[in-house]
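Working notes for the structure below.
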Amino acid sequence: MTRCNVIRISLATCFLSLALLSGGCAITTSATLSEVPPMHTIEEFKDQRFAEVYDPWEGFNRSIYRFNYYFDSYVFLPVVQGYEEITPVFVQDRVSGFYNNLSEIRNLSNSLFQLKGKESLTTLGRFVTNSTIGIGGLFDPATRFGLDRHVQDFGKTLGYWGAGSGPYLVLPLFGPSSVRDTSGLAVDTGITYGIYTAAAPFSGTGHSFEISTGVTSLEAVDMRHRQSFRYFESGYPFEYYMVRFFYHQKRELESARNPDAPSE
Amino acid sequence: MKQLRLLITICLLLLPVSSFAEDKGYDYPIPGSYEATILGTPTALMGELPSEIRMKQLVLDVLPEREKPPIFFYDQGLLCNFAYQKKKAPLIFLIAGAGSSGQSSKIVTMMKAFYKAGYHVITLPSPSNANFVISASQSRVPGDLTEDTEDLYRAMESAWDKVKGDIEVSDFNLCGYSLGGTQAAFVAKLDEERKSFNFRKVLMINPSVSLYNSITRIEGLLKNIPGGAKKEGVFFNKMLDKFANHYRYGNFIGINDDFIYSIYEEKLFSKEETGGLIALAYRINLAGMIFSSDVMTGGGYVVPKNRVLKATDSIFNYFLVSSHLSFFDYFNEYFYPYFQQKRPGLTKQALIASESLKSINDYLSASPKIGVMTNENDFILAPDELEYLKQLFGARAKVYPRGGHLGNLEYKDNLAHMVGFFNTAGGTP
């Protein structure tokens, strides 16, 4: 009984705030010159909508998208540029290899969560090969041995077991995501952190915190260095929608289960 | 990844070779016009290109008094790439194709090829790219060769102004592809009067002869989809399903080259569908131009007059509306009325005729510095237009047997010819 009331009250609050929001909009627009309907409107087209993604928080997402643009311009990209200037390409590639190899832990745990036996073995093989012969991942002999990289994460695992993506979400720094993929990111980060704490590779140095902060920062720099995307560089006014569509579609496809695949 | 590219390359090379015999060693591998247009050139077939080049991005304040609405808050000026040599060298301007930015992948490949050959390079977005409409178009109404040429010329002067203190230049050159190719010829003609650059050589790559005819041919590709262009949303969703199913039932490890190549190899899309996809991509592109122009002029075409769009407002419905408009809608309802008002007595026929290389025919035939490079199966040219280019340019026309529209632009032979054209002495190459 009380629970019902709570739900009712919160629903009422939601509707009220929605009504206030829409009312607020009407007031602000009427304050300026009155609008004239355009020559072409959506009503005249009897066609399916396309390239659309469920995005109820679009206003919020667009403001994070804008934040990322400014963060890129003033912080992230200048740091990445500095990094690219002071390190030779050879070193940059080794750094990328190192982090790629670390992320095999995430790939492996999620291949296991999806009960993909063969893929898990391949990923394990990659990790062992590259950690040893590849000197801690600096080089990638595994690919040359025919062990393909299978990128996995917990968002994909959730999708694999049938969880829908939920609303689209733009994350600060990370960019395009969804409610599902954001939870996935949290889980993967938790697992990585757990393993890291258990292994405590720098515990003997006395500077464990400084070193791990450095490792994490370099990882962020390496991540941005490898991503050629620049916010708003396309000049295309609907870039936000293109990014949203391609992100969503790629994730949907890559996390879905092959309906014909033999169970492993 | 390397193996994969190698594999793709090998597969491509093993494709039906029947038509190859007459091509005298031209090995661009994709025979179909539409397929080549979509797939372009595999990286392995581009030849050696530098991975790191000395380059910076220019943000040009071409029209200092220009006010920009909040929805375009990110537009700080015209974005151009500038690659430079440390010693005295020739400079080349590159003009991007319809809708493309100065950072699009094709123009970046061209920039690398010229940089490698010892040129300073400045890339310019197409006047039909929203960045250009917002920051560099005087009228804010793109699509007219005469006005766009004036705008381009002003942008080039502004770019040169910005860099001339930092580099030594021996001479100026100009090259453009697709719509940018056609514009290059007009810019060259304008330069004969203004003489800011005195271009030594000018190359058009896959240009359109008549803009109106070329667009008619592209729009025509949408007529073949079920329900016609008005049902492009249905078509889009159907093609997406096909694409998704192909992925789901195959054993792919991601959306990568391997997957894209298999779509081509297994002929997932029919010829009509492939053509429809090209036309749809063009419409989505055009939508950006229509929307940005309408916002900038406040013309009330797709956005309500007097509505001030904020940076975080949803503009998805404008995307859907704009992408459902054809070029003919834009031309008849927006473009022509604007020019009619400006030049009373102007007929549609006269306007269409002015948007063509034929309108500067005399200049082109008398200018040995201009050349053209295109393909037998470029679908934006009618057979008589291709013939016109061959007749007009004679030895200065290089016509490849295949490659569709721009598909082979990044192919090693094409890049070599492109650079070679500029490396030969002025006049006939």
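Stretched out straight at 0.36 nm per residue, the stretch from B:Arg66 to B:Asn306 would grow longer than its current Cα-Cα span by 84.6 nm. What FRET efficiency would be calculated for the residue pair B:Ser105, B:Lys230, taking the C-beta separation as r and a Förster radius of 30 Å, to the nearest 0.05? It comes to 0.40. 3J(HN,Hα) couplings calculated from phi for region A:188-197 with the Karplus curve 6.51 cos²θ - 1.76 cosθ + 1.60 (θ = phi - 60°) are, in sequence order, 4, 5, x, 5, 4, 5, x, 5, 4, 5 Hz; Gly and Pro show x. Taking Cα atoms only, the orientation of helix A:239-255 departs from the longest principal axis of chain A by about 50 degrees. Only lysines eight or more places from A:Lys46 in sequence, or on another chain, were considered; those with a Cα closer than 17 Å are B:Lys223, B:Lys230, B:Lys231, B:Lys238.
Close amide H contacts of B:Lys201 (hydrogens built in the peptide plane, cut-off under 5 Å, sequence separation of 5 or more or a different chain): B:Leu174. Projecting label points 7 angstrom from Cα along Cα→Cβ for B:Asp166 and A:Lys46 puts them 5.7 nm apart. Helix A:2-30 axis versus longest C-alpha principal axis of chain A: approximately 70°, rounded to the nearest ten.
Per-residue Cβ neighbour counts within 10 Å put B:Leu94, B:Leu221 in the sequence B:Leu221, B:Leu94, beginning with the fewest. Of all lysines in the structure, those lying under 26 Å Cα to Cα from B:Lys390, and not within fewer than 8 positions of it along the same chain, are B:Lys24, B:Lys106, B:Lys189, B:Lys201, B:Lys358, B:Lys369, B:Lys398, B:Lys412. The ranking of A:Trp57, B:Trp160 by Cβ neighbour count inside 10 Å, starting from the fewest, reads A:Trp57, B:Trp160. Springs between Cα atoms under 10 Å define the GNM used for chain B, and in it the highest mean-square fluctuation of B:Gly180, B:Gly77, B:Gly99 occurs at B:Gly77. For the residue pairs A:Lys116/B:Lys242; B:Lys68/B:Lys112; B:Lys56/B:Lys195, the alpha carbons lie more than 29 Å apart in B:Lys68/B:Lys112. Estimated from the Cβ-Cβ distance and a Förster radius of 56 angstrom, the FRET efficiency linking B:Ile255 and B:Ala382 is about 0.95. Where a ≥ b ≥ c are the square roots of the eigenvalues of the C-alpha gyration tensor, would you call chain B rounded, which needs a/c under 1.5, or, failing that, prolate if a/b is larger than b/c, or oblate? Here chain B falls in the rounded category. Of the chymotrypsin sites (Phe, Trp or Tyr not before Pro) in region A:166-245, the ones in a loop by DSSP (not H, G, I, E or B) with at most 12 other beta carbons within 10 Å are A:Phe229.
From least to most packed, judged by other beta carbons within 10 angstrom and beginning with the fewest, B:Ile370, B:Ile95, B:Ile167 follow the order B:Ile167, B:Ile370, B:Ile95. On the beta carbon distance between A:Glu84 and B:Gln349, with R0 = 60 Å, the FRET formula returns roughly 0.65. Once the Cα atoms are used to define both axes, helix A:104-113 deviates from the longest principal axis of chain A by about 70 degrees. Electrostatic tally near B:Phe132: other residues with Cβ closer than 9 Å to its Cβ, Lys and Arg +1, Asp and Glu -1, net -2. For chain B, the residue among B:Met55, B:Met239, B:Pro142 whose Cα projects farthest onto the positive side of the dipole built from Cβ charges is B:Met55.
Bear in mind these aren't lab numbers, they're just calculated from the coordinates by the rules spelled out. None of these values were measured; they are calculated from a predicted model. Using ideal geometry, Cβ is built from the backbone for each residue, glycine included, and neighbour counts are taken over all protein chains shown.
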